[in-house]
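I have placed the structure first, in the form of structure tokens, so that the comments after it can refer back to it.
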Ligand SMILES: C[S@@+](CC[C@H](N)C(=O)[O-])C[C@H]1O[C@@H](n2cnc3c(N)ncnc32)[C@H](O)[C@@H]1O
């Protein structure tokens, strides 16, 4: 029926259709871009009931339970007992069906730690930072980990929801994945972090024995280049020979970084590395290439959140780079015309 065909969570792209055309005369396929099913060896998992393209919004979920974390203790993180009591208070305020939903979530407890209250372990295993707070999202909590994830997520403060979107093409029936850990680490270091979740990762990146060494080398190099280039990125035009040489070196390194990220298929980083390439080429006044990379970066930032600071920045930069490119083209045309006229 019309009502059961809830498209509210469906792809952004349906909104491109004029409203009078989007009347739903038939509901083909699953209305939601995800289904929760058993995932062999992982408990439950989240799957794509139909193919998805980069930018498709998969989930928009408000937190079922949220707490203000207590102040961090230097070198120790959050005081556990204080977190536990805040979680308990928030939990008691939920309806009984919401409480059941929270208690149905899985958790891992390291053997060295006694489970005093499963609620605390559930919170630790499943909660996400949510702006300045920490919250539980019961559907998103079912998404398993991959070191080469096919979705990404962020907290949308305006909507009060955590958004999950596809970062690459996803086949019908494919499992959706996110990363629980920083990805710019070699395999052994990633596994150490994942030990806290109680599983051995068998994702595509961890199980490809033949390519593991290459993958480790790439991630280590990305881990060095990425923060270094991001910190040094500037639009300042080089005015000395030395500064010009360093700007060229920076452009080369940005291109190397972008190639490594693409080879490693770390889609979460695409927008940022395209931005680095764009800005470093703009400094060299290579406006044509700078415009292309800037526009690619803008498209990806926009896909995640049209209103974000990054999207707005890339829109502005793309406009500036394209305007400079047009100016160059005009100058060249004028020069050619005046040469012909001579
Ligand atoms: C946040 S939950 C994810 C949903 C969970 N599978 C469930 O059934 O509710 C995290 C737990 O899922 C399992 N898990 C997540 N990713 C996994 C993976 N790549 N391989 C094996 N188990 C995984 C681990 O047990 C982990 O502690």
Which pairs have Cβ atoms under 6 Å, sit 6 or more apart or on different chains, and link a residue in the range 179-201 that is assigned by TED's automatic domain parsing to the domain that holds residue 216 to one that is at pLDDT below 95 and exposed (fewer than 13 other Cβ atoms within 10 Å of the Cβ)?
none
Which of the residues spanning the range 188-202 are near the ligand (Cβ under 6 Å from one of its atoms) and farther than 12 Å from residue 147 by Cα?
197, 198, 199
What is the residue count in the range 38-59 for residues that are within 9 Å of the ligand (Cβ to nearest atom) and assigned to a strand (DSSP E or B)?
6
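Residue by residue, here is whether (1) more than 14 Å from residue 174 (Cα to Cα); (2) at pLDDT 75 or above holds:
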{"position": "4", "(1), (2)": "yes, no"}
{"position": "13", "(1), (2)": "yes, no"}
{"position": "19", "(1), (2)": "yes, no"}
{"position": "24", "(1), (2)": "yes, no"}
{"position": "32", "(1), (2)": "yes, yes"}
{"position": "40", "(1), (2)": "no, yes"}
{"position": "47", "(1), (2)": "no, yes"}
{"position": "58", "(1), (2)": "no, yes"}
Scan the range 61-107 residue by residue and report those that are within 16 Å of the ligand (Cβ to nearest atom), exposed (fewer than 14 other Cβ atoms within 10 Å of the Cβ) and touching a residue at least 12 places away in the same chain (Cβ under 8 Å).
103, 104
Return the total of residues in the range 108-136 being within 29 Å of the chain's Cα centre (by Cα) and within 14 Å of the ligand (Cβ to nearest atom).
13
Might you let me know whether the range 286-294 holds any residue that is surrounded by 15 or more Cβ atoms within 10 Å (Cβ to Cβ) and not in a helix (DSSP H, G or I)?
yes
All positions within the range 60-89 that are part of a loop (DSSP other than H, G, I, E, B) and over 23 Å from the mean Cα position of the chain (by Cα)
68, 69, 70, 71, 72, 74, 75, 76, 78, 79
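Condition check ((1) touching a helix residue (DSSP H, G or I) at 6+ places or on another chain (Cβ under 8 Å); (2) within 18 Å of residue 142 (Cβ to Cβ)) across all residues:
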| position | (1), (2) |
| --- | --- |
| 62 | no, yes |
| 81 | no, no |
| 94 | yes, no |
| 101 | no, yes |
For the condition buried (at least 18 other Cβ atoms within 10 Å of the Cβ) and under 24 Å from residue 170 (Cβ atoms), what is the one hit in 251, 278, 282, 205?
205
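The values are calculated or read from the model by the stated rules, or taken from the named source; none is laboratory data. All values derive from a computational prediction rather than experimental measurement. Reconstructed Cβ throughout: ideal geometry from the backbone, glycine too, with neighbour counts over all protein chains shown.
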